[in-house]
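Below is one structure, written out as structure tokens; comments come after it.
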Amino acid sequence: MSALAIKGLGKAFGGLRVTAGVDLTVAEGERRLIIGPNGAGKTTLFNLITGELRPDSGAIALFGRDITALPSRLRPHLGLARTYQIITLFPRESLLQNVTLSLLGRSPLRWNPFRRLDRQTALLAAARAALGRVGLEALAERPLAQTSYGERRRVEIAMALAQQPRLLLLDEPFAGLSVDERKEVHALLRSIPRDVTVVMIEHDMDVALELAERITLMHFGEVVVEGTRAEVVAHPRTREIYLGG
Amino acid sequence: MAFTLDRRAFLAGAAAAALPCAPAIAAAPPVRIGLMTVKTGPLAQGGIQMEQGFTLFLKHRNSTLAGREVELIVADTGGNPAGAKTKAQELIERDKVDFIVGPLAAFELLAITNYVEQHKVPMLSLAAADDMTQRKPNAFFVRASATSSQCTHPLGDYAAKEMKLKRVATISEDFAFGYEQIGGFQQVFEDSGGRIVMKLWPPLNTADFTPFISQFAGIDGVMNGFAGSNPIKFNQQYAELGAKAKWPILGGWTAYDDALLKSFGDDAVGAISAAWYSSEIDTPSNKRFVADILKEYGNIPGGYAAGLYINGMCIEAALKKTGGKTEDRQALIAALRAVSLTDTPRGPFHFDHLGNVVGTVFIRRLERKNGKLVNTIIKTYPNVSQFWTYDEKEYLAKPVYSRDYPPLKS
Amino acid sequence: MSRPAAVAAALLVLASVPLWVGNSYYVNIASQILIYAVFALALNVLVGYAGLVSLGHAGLFGIGSYALAWLLADGWGHLPAALAALLLILGASAVFAVLSLRATGIGFLMITLALGQILWGLAYRWISLTGGDNGINVNSRPAPFGVALDGATPFYYFTLILFLAAVGSMAVFVASPFGASLKGTRDQPRRMTALGYNVWLIRFLAFLFSGFWSGVAGLLFCYYNEFVSPNVLALGSSAEVLLMVISGGTGTLLGPIAGAALVVIMKNVASAYIERWNLVLGAIFVAIVIFMPEGLVPGSVRLWRWLWTGMRRAPARGGAR
Amino acid sequence: MSQWLLLGVNSVSLGGLLFLLSAGFSLIFGLMRIPNLTHGSFFMLGAYFGVTLLQLGWNFWLAALVAAVGIAAVGGVIERLLLRRLAGQELAQVLVTLGLSFMIADLCLMVWGGDPIPFDAPPGLRGALPIASIVFPTYRLVVVVIAVVIAAALWLLLERTRLGAMIRAGVDDEAMARVTGIRVSRIFTIVFCLGAAVAGFAGVIGGPILSVYPGLDGDMLPLALIVVILGGTGSLLGALLGSLIIGFLYNYGQVLFPELAYIILFLPMLLILLFRPQGLFGRHVP
């Protein structure tokens, strides 16, 4: 059974087709990299997988279950998590509260209006652990607004990991990071256990290619090439798209 | 920008003005009068005039009534019921007033009537809600102006008997004051042989009356009960649409109040109205009142200013009767209700056993004389009671005039 | 001062109001402040914690007032009438929520405004039920556990108890996991969905909570005035309570209370001394926006901190010299 | 029959006045995303300015133009001193615009008193014109002409000038406009002044129909809101068509459904909000 199976996925905004007949299959435990020039429809594809956008055609299956019509909010409960290219965190809250919200999302506790959140020791310990995993435990109490961009990127990843995903979608996790930060995030992504399937959009080939087992190249909303790193790099269409064909 | 500190400051100012001729006033504390008026928002128009009328009265009396100094406390209700309630509490519980004068609107009065009665404070109000002196009387209330229907009763009589109108349409704001005015008119007009064929109720904040005016047809006159700023808009639109040329227009006192004359154009000329006050009345006190309001405030007074001036006269007469004493509230209200005056701005009047005025109602025609608009008195109905010529018991057995009562005859 | 000490001091001050304000009139003003504070706190659940600005909340407040007045006039007892009114409020809140939560932002504001105006129109026009602009008189206050609430002081304590219950429930709510979820939907609704939250349902439940306390405030208002008229449902009333929340400080517990005190005092007490009190009130709102755009309470805290650190730093600098 | 014709003509006329009232509101709301709750106050203040000039013996049209300029100045001061620093803070905008409307209403009461002040239409336009079987006040027809002229002028300004292009760019995408080097802050001031000016002008033009009185601001603001919701924000065509629809709804609704008089405008507004939140002719969801 594959982690993600997409068949004939299509989406258009007005007259503009941003996703056209995409087929994509990702095996369980696989590390998949999606590349393509700006406007290729990579983030749109993520939004379709998470349900933030509704496809016009096609089907999406998560671990063998068809989720095409499933409301977006239920998909995290099936083990789907993502990070965003443009950081979408909770600016007024501390790092700990950010990660706690992520943990709460999969806990029935989130409906409880009576108990004090700051007394939920198990939950908070888990949130601290998640921050620890990305090396931010020392900053747990700091308001998000007072952290650096690189730190926020790591919070994004910590929040996604805290959801205990089976399929993790990473939207440009290295964007805007310094060399040192890249190394840290790189190590962090390498440490993700194999029972988590990872699909990543990334422009930075140097770091990304090393992480990926298979690569999908998209252009104008379509899958152009798919294969191993060597196959894709060697493919004439890749050169054509990236080197100004 | 100067903010008037209007409460204690007034007392000081008035006392200073009175000094040269003031007799030695006994050590008794001043009589405290609370004036509930509206000085902010859309109802301020009438509220400001109310304050003018009462202030002038106190000035005429050097702020001394029946030998006692008067302290006036002015409270702005903001023109809403909850505000009126709070201000009534302020006046009664904090300032411990002996009389309440006001409030302006019926819905303000209804919000405080029980409270004021419980605290046994005599209240003199312009608010016209019929039932305040009919089916739900308040033992501490007197009304020297009129009930909503008190003036429109004789107007119905005049329309049927003198104007010989047969089929009349009515139009008034969609609220109790409108219902009661129109109901009173309909009752007497139909009892005198006329017929109301159409009743229209535009919402209070109607910007354009054209959709209503356009519905008039098959009639020989229109009766209106507008108040506030609506009469200006309505009469202008009534004339513009050619309705005025076809059907004579009649109205209650608020629709053609003398204070509105400066705002009307020729559109309103010819309107027939019924009012309990007219600036044209030839009594000494009215001449003085009109001249001084003109001098002090630059406008002709109407019912709001006159009503408050007359309320002041009632308080004065009652105090004279009690020898200036205010402690015995039962005696005070009894004295107030026993007041009977002849030389007042509205002419002679007295109160009935429910505390409502019995007095003259004037039928006026709006005319342009020497370039000025005036309401010329064309007929007077003396000694008009709130029950008109009906038997009180039978009258009170019927429901209060409302949107649907009396009903339209089909 | 520690937090429990501050709370104890505040409770002491509130509980002793009738002893030191001197006159039953001021006790009544204090009751009014508490009633409006409950209302403002209720609206703050939506405005401050859910990021949903309602301009129709006077509708819910008014339904509470009217339902109570009507049921009492119909001969119901106080307790059943109040309970039935609260049930009705929950129902009305659910309808308001289902309709208005089709939008957020300005759309939400406009839908609530339209709903409020429609209710106002009904109250005005459905005379057989509401008495039209004459309103409905309520002739008695309840006597819970045999304590008659007719005087200003007993009624103040009755209001104070409900006020404290409201503040307490808000404090618990805000600190709870559900409160955190609600704040999350305010800041990043899309992210919240991706985290597995049902954003619509969270907002809906918050709306019910807000509507419930608005209704309680409406019941108190009805008992306080012993009178209801369409004025309580008017757009002006909705705007007034919104101004209380914003001027005091949204998303805080003390802000709406401070805002309620400001408006009630300006309207009722200051208006006795300042003829143009509307002008002054407007100017105060504008000044708040200029000097404390986050609202009176957070703004004062900021100013106080700034002064405090400034004062502490100044002598230290002097010593270094 | 003639009643329905009269209502029809009046619907168009009222629509014209409503357009003048709401065009500025729509522009300001569309470009600056500011729900300008002082708009009704601008209308009323314009009417008071106008009537004061008329009482000094000024020509009607000159008075209307000068009142518009005066309100533009008031609007400019408010935008520069207050709204400028509140970009994106909707709650603070609500607080400050409502606070200002309190102040303006009370100042007007202080200066002009509580009595309604009537307006005369300009001489020569005071009578009535026969149209088929009815007579209709000439001035009300002139209002339609004025509305059309203002609509055309605004349209030309928005569609045919460089300033207009910049404004439209701002309406569609503020961030994009900034990137392309448009000085958005100056555009904002210009648009706010323009919107205020049209409102003030409308106050004078509406004077001979509505007169001016305390509370006129509160009567007008909801109408502007309804028109903009119905027509869609930031769309001139939307404001025009929205005004016409409200004109017809108001006139025929009052006659056909007197029982619904109080909700005849808010019910359609609610339905539009629920089922077509971008308005009938709007470009985006507000």
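The values are calculated or read from the model by the stated rules, or taken from the named source; none is laboratory data. These figures come from a predicted structure and were not determined experimentally. So basically every Cβ, Gly included, is an ideal-geometry build from the backbone, and we count neighbours across all protein chains shown.
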In the range B:293-321, anything farther than 23 Å from B:Ala338 by Cβ and either of a type in the set (Phe, Trp, Tyr) or surrounded by fewer than 17 Cβ atoms within 10 Å (Cβ to Cβ) (or both) is listed as B:Leu294, B:Lys295, B:Glu296, B:Tyr297, B:Gly298, B:Tyr304
C:Phe155 versus (1) within 14 Å of chain D (Cβ to nearest Cβ); (2) buried (at least 17 other Cβ atoms within 10 Å of the Cβ); (3) out of contact with any strand residue (DSSP E or B) (no Cβ under 8 Å at 6 or more places or on another chain): which is the lone unmet condition? (1)
Could you look through the range C:45-59, keep only residues that are more than 11 Å from C:Gly211 (Cα to Cα) and in a helix (DSSP H, G or I), and pick out the one that is nearest to the other protein chains (Cβ to nearest Cβ)? C:Val47
So which residues in the range D:77-94 are buried (at least 17 other Cβ atoms within 10 Å of the Cβ) and part of a helix (DSSP H, G or I)? D:Ile78, D:Glu79, D:Leu83, D:Leu86, D:Glu90, D:Leu91, D:Ala92, D:Gln93, D:Val94
Among the residues of the range B:70-98 satisfying the criterion of being touching a Leu at 6+ places or on another chain (Cβ under 7 Å) and surrounded by 24 or more Cβ atoms within 10 Å (Cβ to Cβ), which is farthest from C:Val27 (Cα to Cα)? B:Val70
Answer with yes or no whether C:Ala316 is surrounded by fewer than 19 Cβ atoms within 10 Å (Cβ to Cβ), modelled with pLDDT of 90 or more and either within 11 Å of chain D (Cβ to nearest Cβ) or over 27 Å from C:Ala171 (Cβ atoms) (or both). no
Looking at B:Ser278, B:Ser285 in this structure, which one is within 25 Å of B:Asn356 (Cα to Cα) and surrounded by fewer than 24 Cβ atoms within 10 Å (Cβ to Cβ)? B:Ser285
The range C:263-306 - residue that is among the aliphatic types (A, V, I, L, M) and more than 12 Å from chain D (Cβ to nearest Cβ) and, of those, surrounded by the most Cβ atoms within 10 Å (Cβ to Cβ): C:Val264
Could you list, in sequence order, all residues of the range C:70-95 that are in contact with a Gly (Cβ under 7 Å, 6 or more places away or on another chain) and crowded, with 23+ Cβ neighbours inside 10 Å? C:Ala85, C:Ile89, C:Ser93
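Yes/no matrix, rows are residues, columns are (1) under 16 Å from the mean Cα position of the chain (by Cα); (2) in contact (Cβ under 8 Å) with a residue 40 or more places away in the chain:
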position: C:Pro230; (1), (2): no, yes
position: C:Ala239; (1), (2): yes, yes
position: C:Ser247; (1), (2): yes, yes
position: C:Gly251; (1), (2): yes, yes
position: C:Val264; (1), (2): yes, yes
position: C:Ala283; (1), (2): no, no
position: C:Val289; (1), (2): no, no
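One line per residue, one yes/no per condition, for (1) facing another protein chain (nearest Cβ under 9 Å); (2) out of contact with any Cys (no Cβ under 6 Å at 6 or more places or on another chain); (3) surrounded by fewer than 20 Cβ atoms within 10 Å (Cβ to Cβ):
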residue: C:Val174; (1), (2), (3): no, yes, no
residue: C:Ala180; (1), (2), (3): yes, yes, no
residue: C:Lys183; (1), (2), (3): yes, yes, no
residue: C:Pro189; (1), (2), (3): no, yes, yes
residue: C:Leu195; (1), (2), (3): yes, yes, no
residue: C:Phe204; (1), (2), (3): no, yes, yes
Only one residue in B:Ser148, B:Ser125 is touching an Asp or Glu at 6+ places or on another chain (Cβ under 6 Å), crowded, with 23+ Cβ neighbours inside 10 Å and under 21 Å from C:Ile136 (Cβ atoms), so which one is that? B:Ser148
The range B:53-64 - residue that is under 23 Å from the mean Cα position of the chain (by Cα) and over 15 Å from B:Pro301 (Cβ atoms) and, of those, surrounded by the fewest Cβ atoms within 10 Å (Cβ to Cβ): B:Arg61
Scanning the range A:82-139 for residues that are outside any helix (DSSP H, G or I), over 26 Å from A:Asp204 (Cβ atoms) and more than 9 Å from chain C (Cβ to nearest Cβ) gives A:Ser94
Output yes when any residue across the range D:108-121 is facing chain C (nearest Cβ under 7 Å) and either within 30 Å of C:Met244 (Cβ to Cβ) or outside any strand (DSSP E or B) (or both), and no when none is. yes
Can B:Gly47 be described as at pLDDT below 90 and within 30 Å of B:Ala176 (Cα to Cα)? no
Can you pull out every residue in the range B:223-245 that is of a type in the set (A, V, I, L, M, F, W, C), in contact with a strand residue (DSSP E or B) (Cβ under 8 Å, 6 or more places away or on another chain) and surrounded by fewer than 24 Cβ atoms within 10 Å (Cβ to Cβ)? B:Leu241, B:Ala243
Consider D:Val212 carefully, then state whether it is within 11 Å of another protein chain (Cβ to nearest Cβ) and in contact with a strand residue (DSSP E or B) (Cβ under 6 Å, 6 or more places away or on another chain). yes
Pairing a residue in the range B:339-357 that is in a loop (DSSP other than H, G, I, E, B) with any residue that is of a type in the set (Phe, Trp, Tyr), where Cβ atoms lie under 7 Å and the two sit 6 or more apart in sequence or on different chains, gives B:Val339/B:Phe351; B:Pro345/B:Tyr277; B:Pro345/B:Phe289; B:Pro345/B:Tyr309; B:Arg346/B:Trp276; B:Arg346/B:Tyr277; B:Gly355/B:Phe141
Considering only helices (runs of 4 or more DSSP H) fully contained in the range A:140-245, which possess at least 2 residues that are in contact with a strand residue (DSSP E or B) (Cβ under 8 Å, 6 or more places away or on another chain)? A:149-162, A:205-211, A:229-234, A:236-242
Among the strands (runs of 3 or more DSSP E) lying completely within the range B:137-230, list those that include at least 2 residues that are more than 13 Å from every other protein chain (Cβ to nearest Cβ) and either out of contact with any Gly (no Cβ under 8 Å at 6 or more places or on another chain) or within 30 Å of B:Ala335 (Cα to Cα) (or both). B:195-200, B:221-224
So, in the range A:192-211, exactly how many residues are farther than 21 Å from A:Thr50 by Cα and touching a Lys or Arg at 6+ places or on another chain (Cβ under 8 Å)? 4
Can you tell me which of D:Leu221, D:Leu270 is within 11 Å of another protein chain (Cβ to nearest Cβ), assigned to a helix (DSSP H, G or I) and touching a His at 6+ places or on another chain (Cβ under 8 Å)? D:Leu221
On the given criteria, is C:Met311 free of Cβ contacts under 8 Å to residues at least 40 places away in the same chain and within 11 Å of chain D (Cβ to nearest Cβ)? no
When residues of the range A:125-181 are limited to those that are of a type in the set (Asp, Glu) and surrounded by fewer than 23 Cβ atoms within 10 Å (Cβ to Cβ), the one nearest to A:Leu209 (Cα to Cα): A:Glu172
The range D:45-64 - residue that is more than 14 Å from D:Ile117 (Cα to Cα) and assigned to a helix (DSSP H, G or I) and, of those, nearest to the chain's Cα centre (by Cα): D:Ala64
